[in-house]
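We did not get these values from a lab; they are worked out from the coordinates using the rules stated. Note that the structure is a prediction, hence the values are computed from the model and not measured. Glycine also receives a Cβ, built like all others from the backbone with ideal geometry; neighbour counts cover every protein chain displayed.
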Amino acid sequence: MPAKCPICAKSASPDYRPFCSRRCADVDLQRWLVGRYAIPAARDDDDDDDEIRPPPPEADESR
């Protein structure tokens, strides 16, 4: 069974896989760029992003 385009559900084209055409590939790209697609994230209680941390010690480069 051939793969379906995630935008319009037509058969995917080998040239634009997983999409069926350049148009559907561009529609998908535009959705990512405007933020329509997003990866959900949850903040952990252990995250202390407000805390200022010193940079890690640098390796001794004089050797």
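A few points about this structure:
- If R0 is 35 Å, the Cβ-Cβ spacing of Ser21 and Ala42 corresponds to a FRET efficiency of close to 0.45.
- Highest average packing first - 12-23, 28-39, Cβ atoms within 10 Å: 12-23, 28-39
- In Hz, Karplus ³J(HN,Hα) per residue of the range 7-16 (6.51, -1.76, 1.60; θ = phi - 60°; x = Gly, Pro): 8, 10, 6, 6, 5, 5, 9, x, 6, 10
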